Structures are given as structure tokens and as C-alpha cells.
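Scroll down for the structure; my scribbles are underneath it.
The values are calculated or read from the model by the stated rules, or taken from the named source; none is laboratory data. Because the structure is a prediction, the values reported are computed rather than measured. FYI the Cβ positions are ideal-geometry reconstructions off the backbone, even for glycines, and counts take in every protein chain you see. Ligands, DNA and RNA are stripped out before the accessible areas are found, and what is left, the full protein with its side chains, is counted by its heavy atoms. Shrake-Rupley method; radii C 1.70, N 1.55, O 1.52, S 1.80 Å.
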Amino acid sequence: METPGMALHTDKYQINMMYAHWMHGTHKHRAVFEAYFRSLPFGNGYGVFAGLERIVHYISNLRFQEDDIRYLSEQEENYDPLFLEELRTFHFNGTVHSMREGAVVFPNEPLIRVEGTIFEAQLVETALLNFMNFQTLIATKAARIKQAADGDTLLEFGTRRAQEADAAVWGARAAYVSGFDATSNMMAGKRFGIPTKGTHAHAWVQSFGSEQEAFDKYAEVLPDYSSLLVDTFDTLRSGVPNAIRTAKKLEERGKRLNSIRLDSGDLAYLSIEARKMLDEAGLDYVKIVASNDLDEHTITELKTQDARIDIWGVGTQLITAHDQPSLGGVYKLVEREVDGIMQPTIKISANPEKVTTPGKKDVYRIIDRGTGKAIADYICFPEENEPSEGKQLKLFNPLHTYIRRYVKNYDAERMLVPIFEEGKLVYELPSLKDIRDYHASQLKQFWPQYLRKLNPEIYRVNISEKAWQLKQGLIDRYMEETEGTPES
């Protein structure tokens with residue numbers, strides 16, 4: 001459960017905008033924001049949505065504490081005491097819709113929709129993006145690694161290289177959502193019920209008179225859970241032979257050595273040779289664990305070299321999303337109250353990819369009934385007739401409108417589900433197992449070409465014709481209003 005005291009987990013400009021709205025009396029005006037990302041990380045074909053559980057706990061406990069109010073009263077902006085009193089009694093009364101955790105998601109579609117007063121909707125932006133961006137990023141990276149491992153066991157080993165404790169704990173959870181089997185992080189294990197696994201460090205071996213003594217002592221204490229790190233001195237001349245001797249001693253006790261771990265050197269060659277040595281000693285049941293800056297690329301490469309690795313310990317490259325350490329999700333105003341009426345709003349930019357799609361929107365996944373596979377994601381306004389059986393649906397590319405397709409024999413899965421309604425939590429958080437199962441079921445909806453790691457096929461994300469016409473109309477209106485205006 002998220003602890004109280006997170007109200008100041010925000011950017012100062014949020015507080016300043018809230019103050020300016022309060023001073024002008026517009027803080028109670030209604031607004032709708034949508035959170036999404038513009039481009040996929042890692043060159044991947046899809047994202048994995050994560051972070052909802054923490055967002056739910058954050059919003060449920062969102063209160064300004066007395067020390068928060070005191071701190072704000074000391075700021076150079078010299079906020080009006082009545083504004084601070086407004087914050088003292090603040091609680092979130094808005095409505096939130098969101099993708100389910102584990103959902104397969106794509107660029108430029110709403111992942112979270114927040115409706116409420118501009119006051120409250122603005123406040124939650126920073127924390128919401130912080131939680132969504134990081135966990136979605138790590139879950140997506142983990143999904144790529146899961147695909148490369150091709151059914152092998154995956155262990156999350158990233159804690160010591162993560163950007164602080166929160167990243168380690170919630171990153172371990174995000175990896176588990178996407179199919180990792182266990183984590184080394186004990187806090188994540190306790191908090192979320194994730195299985196925990198670990199071996200031992202080189203320091204254990206170095207703290208004894210010999211490698212053999214170190215292995216024997218470790219196995220003596222943990223006879224049912226021993227995994228021996230064999231590369232402290234010489235993997236093939238020392239480490240593996242000593243591990244074999246320890247394994248034989250365990251067999252005499254009716255026990256079995258679980259695994260050996262390789263953490264350096266040529267992992268393909270060493271694993272092949274170690275496998276031969278273990279098998280020749282009658283230890284074909286002993287698994288080989290590999291670690292050392294692994295990611296989806298190195299795992300794929302090792303597999304092409306016929307590496308004999310059963311279990312992959314993945315740390316730094318995963319928990320830091322090393323090759324692209326940020327998602328770049330955004331939170332944009334799409335509708336606002338004007339004279340008591342909700343009106344769509346648009347952000348226009350010199351960068352075409354930054355032009356927003358105005359209006360409050362729903363997302364549907366269109367599933368072909370014949371194959372059970374996803375055809376496209378369809379974005380439309382709630383007041384439009386939702387896609388349904390028997391209704392022909394026009395799908396067209398919003399950038400290249402001549403690319404179009406009509407579908408009829410389909411099911412439409414509503415992707416945004418209610419989480420909060422007028423401040424009340426209406427969503428029962430699923431178990432982590434249920435989230436993992438949901439993610440696995442999501443993957444089955446897609447043809448392999450959309451999921452592959454290298455040069456994936458681009459999945460269609462289409463907006464309704466009505467949404468496209470509104471967007472084009474607002475752009476045209478803006479251009480007409482500014483036409484001929486001299487540059488400043």
C-alpha cells in the first residue's frame with residue numbers, strides 16, 4: 001500500500017498552475033487529460049502497460065500533510081493562506097479510466113484518461129507519468145528479453161544497479177508482469193509475492209581457504225538450494241571440477257546441486273564445456289545459470305552459438321533500460337469546460353508527431369472472429385456508436401487517409417476500464433498472477449510479425465472518421481485565424 005505523504009511528489013509548475021487557477025476562480029472548471037506515449041522504445045513493436053497499481057494507491061492516499069502545507073508556505077511565491085487551506089482539505093474527486101496492467105499497447109493511444117477539475121487533474125500529472133513511464137518501460141524491456149529467452153527461466157538481478165530503491169522494487173514487479181520467473185530483491189518478494197532466487201557472491205569463495213571449502217560449506221548449510229558461482233578463479237580448471245565434487249557429496253546425503261553460475265568470460269564456450277563436464281559426471285540434472293550484463297541481444301546471440309544455458313540472470317541492462325532509459329510518455333489536455341460546456345482542445349506543434357488528437361476518447365481492440373487475432377486498435381469518442389457485431393467499421397490511416405480497410409466480422413474489446421468514478425475506487429486490483437496471465441493472453445491476440453524483436457510489422461492504431469475530422473477542423477481553424485499574422 002502506498003504510504004501517505006506523496007502530494008508533493010510533483011513538479012512545482014503544477015502547484016503554480018493550480019494557484020493561478022485558484023486565484024482566477026477557474027480551479028473548479030472541468031478538464032479531461034489523456035496519458036500516452038508517442039513512440040515505442042527499443043525499436044519494439046509493442047509496449048506493455050504497467051504502473052496502474054501504484055497509481056491507484058497514490059490517488060487513493062493523495063492528501064496534503066501539515067508539513068507539506070508548512071513547506072509550501074515557505075516558498076518564494078508567497079502563496080495565499082486561503083489557497084493553502086484549499087490544499088489542506090484536498091482529496092481527489094475525479095474519474096480515471098485506464099488500460100489494465102499487462103495490456104499490449106501502442107503509440108498515440110490513451111493509456112490513462114483523467115477527468116475532473118483542472119485543479120485535481122493537473123496535480124496528479126507528474127506522479128502518474130513517473131509511475132507509468134518507468135514501469136511500462138521496464139515491462140516492455142522485460143517482454144523483449146522474455147521473447148529472446150524462448151522459454152528459459154529468467155531471474156531479475158538488477159537491484160544494485162537500479163536508480164535507487166523504488167526503481168529496484170517496482171522494476172522487479174514490472175519484469176515479473178512480463179514473464180520473468182523470480183527476482184533477487186527481497187523487498188519486492190515480500191511486497192508483491194514474487195518468487196525470490198539467489199546464488200552467492202565471489203566474496204563467499206574468497207572468504208575461505210579454498211574454493212572447494214567454500215562450495216562444501218555453502219552446500220552444507222543450503223543442501224536443497226545450492227547454486228555455486230564457478231568463475232572466481234578458473235571456471236573450467238577449478239570452478240566446475242570443485243562444483244562437481246560438492247555435488248557428489250550432496251548426492252551422498254540424498255541431495256542434489258541445483259545449478260552452477262557463470263558470471264564472466266565466453267559464456268557460450270564455457271557453458272558448452274561445463275555442460276559436457278557435468279553430464280560426464282552424471283550430473284545432467286544440474287542447471288547452468290548465466291549472468292553478466294545480459295539483455296535480449298546477448299541472449300539471442302548466445303543462443304545462436306548453441307550456448308548451454310538454462311537460466312538467465314538479467315540485471316543492469318533490464319532495470320536501467322540501458323539502451324533507452326526513458327519512455328517519454330505525455331499527459332495532454334484534450335477537453336476543457338468553457339461557459340459550462342465541455343469543448344475539445346488541441347495542441348498544435350511544428351513537430352507533426354506532437355499534434356494532439358482533441359476530445360475525450362475510448363480505445364477498442366478489434367479482433368477478427370475468424371482468426372481470433374487483433375486487426376487494429378480503434379480510437380473514437382464515447383458518444384459515437386461503439387464498434388459492435390454486424391456494424392461495418394472503417395479503418396483508415398490518419399496520416400495516409402487513402403490507406404483504408406473495412407471490417408465486419410469482428411469483436412471489439414474495450415481497453416480503457418473505469419478505475420475511479422467521482423473519487424471512488426471502483427476497480428478491484430487483480431493479483432500479480434492474474435496480471436501475468438492477462439499479459440500472456442494479450443500476446444496471443446497478435447500475429448508473430450507484430451511481436452518480433454527485429455523489424456516488427458507496424459500495428460494499426462486508427463482513429464474514427466469523426467475524430468479525424470474534428471482534429472483537421474481545429475487545425476484548419478487555427479491556421480485561418482493565424483494566417484497573415486506577422487511573426488513576432
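Per-structure values
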| quantity | calculated |
| --- | --- |
| Hits in region 195-221 - residues which are within 16 Å of Lys248 (Cα to Cα) and open to solvent by 60 Å² or more (accessible area, probe 1.4 Å) | Glu213, Lys217, Glu220, Val221 |
| Ala350 part of a loop (DSSP other than H, G, I, E, B) and more than 21 Å from Arg30 (Cβ to Cβ) | yes |
| Subset tally (residues that are in a helix (DSSP H, G or I) and open to solvent by less than 30 Å² (accessible area, probe 1.4 Å)) for region 289-308 | 3 |
| Options Gly51, Gly43, Gly25, Gly47: the member that is at pLDDT 95 or above, out of contact with any Phe, Trp or Tyr (no Cβ under 8 Å at 6 or more places or on another chain) and not basic (Lys, Arg) | Gly25 |
| Subset of region 38-69 [closer than 28 Å to Lys424 by Cβ, assigned to a helix (DSSP H, G or I) and either of a type in the set (A, V, I, L, M) or over 12 Å from the mean Cα position of the chain (by Cα) (or both)] | Leu52, Ile55, Val56, His57, Tyr58, Ile59, Ser60, Glu66, Asp67, Asp68, Ile69 |
| Every residue from region 354-390 that is of a type in the set (D, E, K, R), closer than 11 Å to Ala412 by Cα and either out of contact with any strand residue (DSSP E or B) (no Cβ under 8 Å at 6 or more places or on another chain) or in a strand (DSSP E or B) (or both) | Arg365, Asp368, Asp377 |
| Leu454 surrounded by fewer than 13 Cβ atoms within 10 Å (Cβ to Cβ) and closer than 28 Å to Ala143 by Cα | yes |
| Test: residue in region 280-288 that is open to solvent by 10 Å² or more (accessible area, probe 1.4 Å), in contact with a helix residue (DSSP H, G or I) (Cβ under 8 Å, 6 or more places away or on another chain) and modelled with pLDDT under 95 | no |
| Leu257 surrounded by fewer than 24 Cβ atoms within 10 Å (Cβ to Cβ) and among the aliphatic types (A, V, I, L, M) | no |
| Lone qualifier among Gly198, Gly179, Gly265, Gly151 - being of a type outside the set (Asp, Glu), modelled with pLDDT under 95, in a loop (DSSP other than H, G, I, E, B) and more than 20 Å from Leu283 (Cβ to Cβ) | Gly198 |
| Test result for Leu327, outside any strand (DSSP E or B), under 21 Å from the mean Cα position of the chain (by Cα), under 30 Å from Arg275 (Cα atoms) and in contact (Cβ under 8 Å) with a residue 40 or more places away in the chain | no |
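Yes or no, residue by residue, for (1) crowded, with 23+ Cβ neighbours inside 10 Å; (2) modelled with pLDDT of 95 or more; (3) of a type in the set (Val, Ile, Thr):
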site	(1), (2), (3)
Phe90	no, yes, no
Gly94	no, yes, no
Arg100	no, yes, no
Val104	yes, yes, yes
Pro107	no, yes, no
Arg113	yes, yes, no
Ala127	no, yes, no
Phe131	yes, yes, no
